[in-house]
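Read the structure below first, then the notes.
The values are calculated or read from the model by the stated rules, or taken from the named source; none is laboratory data. All of these numbers come straight from a predicted model, not from anything done at the bench. Reconstructed Cβ throughout: ideal geometry from the backbone, glycine too, with neighbour counts over all protein chains shown.
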Amino acid sequence: MAEIKINIAELNNSISKMQSLKSKCSSNQKTAPKTVGGGKTVNELESIAALYRTIDSNLETMILNTISFLTNLRDSFVASDQKAANGVNGGGSSGGAGTSRKF
């Protein structure tokens, strides 16, 4: 069996950093000024801007999914750790910040 070590404090820190990054991405929405005419160069620049908006949207989705995954991991591990501690200690509490589980 492999031992998986999870540091809950570090996991919480990572979740906070990801939430901060998500906030920065959300607040950095820019809109391009409207142009009239301009030719092929302007059209290409508008196309590039649309690609950047798509990248930004996908990055934000990836960050949200990562936050959700890390939160679920933390909650699941804490619940599993508590359940194991209750079984071993007959209702006691488990260690805390750095715990591990063998699978």
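What the table shows:
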| quantity | calculated |
| --- | --- |
| Conditions (1) modelled with pLDDT under 85; (2) not in a loop (DSSP other than H, G, I, E, B): number failed by ALA32 | (2) |
| Segment 35-52, residues that are under 37 Å from the mean Cα position of the chain (by Cα) and not in a helix (DSSP H, G or I) | THR35 |
| Test for PHE69: is it touching a residue at least 60 places away in the same chain (Cβ under 8 Å), of a type outside the set (Val, Ile, Thr), in a helix (DSSP H, G or I) and out of contact with any Phe, Trp or Tyr (no Cβ under 9 Å at 6 or more places or on another chain) | no |
| Selection within segment 1-29 - outside any loop (DSSP other than H, G, I, E, B), without any contact (Cβ under 8 Å) to a residue 40 or more places away in the chain and among the polar types (S, T, N, Q) | ASN13, SER16, SER20, SER23, SER26, SER27 |
